[in-house]
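Heads up: the structure comes next, in structure tokens.
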Amino acid sequence: MRFPHSLCVLFLCTAGAFAQTPAPTYDVVVYGGVPCGISASIAAAREGAKTLLIEPTKHVGGLNTSGLNTAETEHMLKWTFGGIAQEFYTRLGQNYGKPGPAYYFESGVAEKTFLAMLDEAKVEVRYDLRVEKVLKDGARIRGITLSDGSTVSSKVFVDAGYEGDLMARAGVGYTWGRESREEFNEEAAGIRFDKTPRKAATVDETGKLLPGMSGWARDFHELAADKTVMNYNWRLCFSKDPAWRVPIPEPQHYDRASYRFLENWLREKTAASQAVKLDDIIDLYSHAPNRPDKKEVNNKQAAIISIGDFGAQREYPDGDYATRDKIIAEHTDYTLGLFHFLATDEAVPEKLRDETAQWGLHKEEFADNGNWPYQLYVREARRMRGAYVMTQRDVQENRRKPDAIAMGSHFIDCHHVQRLALSPTEFINEGRIWRVGYAYQIPYRALTPKPAECTNLIVAGAASYTHVAFCTYRLESTWMMGGHAAGVAAALAAREGKDVQSIDVPALQEKLRAQKQIIDFLPDQPEKFPDTKTVEF
């Protein structure tokens, strides 16, 4: 169990101090306008709860409106999709003139759809506000103070955010990083070295590790716990169509030395007469329906180096807001610097420079933000230690739960965490997990804190999973399903005046079934992803 550093004092402020500023009273307050939070707030409002959604940025939608434009169905069992999540994808399909759901889409279209659904449900949305303090009376949250100094009170709260900031400030136990194999007896847990070393210079002329190297492999122990999470990156929208292309801006802080590792590798390739193309370094997806001018950019897992800023994410999960803002800025500078280097530096082969220079940001997306996504792709941050902790066994073997409120089915998918030097000329990537997915029931207990810690908070974002198991939950589609259940549960608890741990779970399950949320295994539907080609590691 982990309690937030320097945060436990935040909810010890006096009741008198809090009462000086009258706060509006809601039935349900949802923190985090990501897809999980949107789903939770819509579900609560449809149950008749007076609902407020608080979003720390200027836009709702999280990564689905910031460049990640897929429901991830390519590695999931589609029959597990239901409820508000499936409604969202079906409405996307209607936007594209399709008779069924659209599981690939555009950020701008996703945002318009989310906003329409929120408006129809009469959810109040407040933007550009972070939670600063939490006031508790025993194990109950009385209210929260936001970054503009305003206070908000509610009968029940839902933390739907990627980072678990409300949860942490409420004094709920949590962790981050990766558990050791022995902590929960998980075969895929702990530090994990790739099986195949990679050839590239790892040190400079003085023997110092190059930027992008997190350390020497000899100082890390396989299967041990580690506080670093999987890498983060920006999910950009690119175009090379002159009608849509906007030049990629230069970074505010460019340090050519940050790309020495890439430079050395490119020189080695040139010396060996081996051509390098841009898609050897980044992934370019064609996800936008009927829009060949749009390409979605992602970190390339197999690349020697890509847009994942390995190591820069380490202090993000439990960092304060100032620390996180610096890390986000570092990722921006790294990404812009990478494309600047590839397009302009003499160390880059001319064909690769010319190819990179053809691409730019797409001017239709994120138009009010310099065509740059609104949110960094935070794949994983804090995770609650709640009433029940989901482990690798729960998502692969013991997959049936009596208090099921949604279904998961994605592969266990962890991107690389860090790059470690084996020698001055060889390195190894660390942290990757890729295992075929199974359908499994998500228990309500995985969304609720221990009763002694908080009785009117549901944590649908940073849910109670180990790192390995969380790699099946961290999909926006699955988060939406968890959020749907959290919203209905919060409304029930608020209406009945009960602790979130004491609501009638069978009644919650019946409501979810009536709302077409899939919570049960279905006859004649596969429980394992029908894949015979995937190489697991």
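The values are calculated or read from the model by the stated rules, or taken from the named source; none is laboratory data. Here the structure is a predicted model, which means the values were calculated and not measured. Note that each Cβ is placed from the backbone with ideal geometry, even for glycine, and that neighbours are counted across all protein chains shown. These area figures cover heavy atoms from the full protein model, side chains too; ligands, DNA and RNA do not enter into them. Shrake-Rupley method; radii C 1.70, N 1.55, O 1.52, S 1.80 Å.
Observations on the model:
- Test: ALA160 is over 27 Å from ALA322 (Cα atoms) and open to solvent by less than 30 Å² (accessible area, probe 1.4 Å): no
- Number of residues in the stretch 197-231 that are at pLDDT 95 or above, closer than 29 Å to GLU187 by Cβ, of a type outside the set (Gly, Ala, Ser) and not in a loop (DSSP other than H, G, I, E, B) equals 4.
- Residue list for the stretch 232-263, filter: in contact with a His (Cβ under 8 Å, 6 or more places away or on another chain), aromatic (Phe, Trp, Tyr) and either open to solvent by 60 Å² or more (accessible area, probe 1.4 Å) or not in a strand (DSSP E or B) (or both): TYR232, TRP234, TRP244, TYR254
- Criterion: at pLDDT 95 or above and touching a Pro at 6+ places or on another chain (Cβ under 6 Å) - qualifying residue of ARG419, ARG382, ARG400: ARG382
- Qualifying positions in the stretch 56-75 - in a loop (DSSP other than H, G, I, E, B) and open to solvent by 10 Å² or more (accessible area, probe 1.4 Å): PRO56, THR57, LYS58, HIS59, ASN69, GLU72
- Number of residues in the stretch 143-160 that are in contact with a helix residue (DSSP H, G or I) (Cβ under 7 Å, 6 or more places away or on another chain) and of a type outside the set (Val, Ile, Thr) equals 5.
- Residue-level check: of (1) open to solvent by 80 Å² or more (accessible area, probe 1.4 Å); (2) in contact with a His (Cβ under 8 Å, 6 or more places away or on another chain), GLU296 misses just (1).
- Among the residues here, GLN441 does not qualify as over 22 Å from ALA514 (Cβ atoms) and polar (S, T, N, Q).
Residue-by-condition table, conditions (1) open to solvent by 30 Å² or more (accessible area, probe 1.4 Å); (2) part of a helix (DSSP H, G or I):
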position: GLN274; (1), (2): yes, no
position: ALA288; (1), (2): no, no
position: GLN301; (1), (2): yes, no
position: GLY319; (1), (2): no, no
position: LYS351; (1), (2): yes, yes
position: TYR374; (1), (2): yes, no
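- TYR162 vs. criteria closer than 26 Å to MET407 by Cβ, out of contact with any strand residue (DSSP E or B) (no Cβ under 6 Å at 6 or more places or on another chain), aromatic (Phe, Trp, Tyr) and part of a loop (DSSP other than H, G, I, E, B): yes
- Residue in the stretch 388-397 that is surrounded by fewer than 21 Cβ atoms within 10 Å (Cβ to Cβ), assigned to a helix (DSSP H, G or I) and modelled with pLDDT of 95 or more present: yes
- The stretch 157-196, residues that are at pLDDT 95 or above and among the hydroxyl-bearing types (Ser, Thr, Tyr): TYR162, TYR174, THR175, SER180
- Test: TYR103 is within 19 Å of the chain's Cα centre (by Cα) and surrounded by fewer than 24 Cβ atoms within 10 Å (Cβ to Cβ): yes
- From the list ASP119, ASP128, the one residue that fits, being open to solvent by 40 Å² or more (accessible area, probe 1.4 Å), in contact with a Pro (Cβ under 8 Å, 6 or more places away or on another chain) and within 30 Å of THR25 (Cβ to Cβ), is ASP128.
- Scanning the stretch 398-414 for residues that are in a loop (DSSP other than H, G, I, E, B), in contact with a strand residue (DSSP E or B) (Cβ under 7 Å, 6 or more places away or on another chain) and either of a type in the set (Val, Ile, Thr) or open to solvent by 10 Å² or more (accessible area, probe 1.4 Å) (or both) yields ARG399, ARG400, LYS401, ASP403.
- Counted residues, the stretch 415-427 - those being in a loop (DSSP other than H, G, I, E, B) and in contact with a Lys or Arg (Cβ under 7 Å, 6 or more places away or on another chain): 3
- Scanning the stretch 135-149 for residues that are open to solvent by 30 Å² or more (accessible area, probe 1.4 Å), of a type outside the set (Lys, Arg) and either modelled with pLDDT under 95 or over 28 Å from ASN64 (Cα atoms) (or both) gives ASP137, GLY138, GLY149.
- Listed by first and then second residue, the pairs linking a residue in the stretch 125-138 that is more than 15 Å from TYR321 (Cβ to Cβ) to a residue that is open to solvent by 60 Å² or more (accessible area, probe 1.4 Å) and hydroxyl-bearing (Ser, Thr, Tyr), with Cβ atoms under 9 Å apart and 6 or more places separating them unless they lie on different chains, are LEU135/THR14.
- Qualifying residue in the stretch 366-379 (condition: small (Gly, Ala, Ser) and at positive phi): yes
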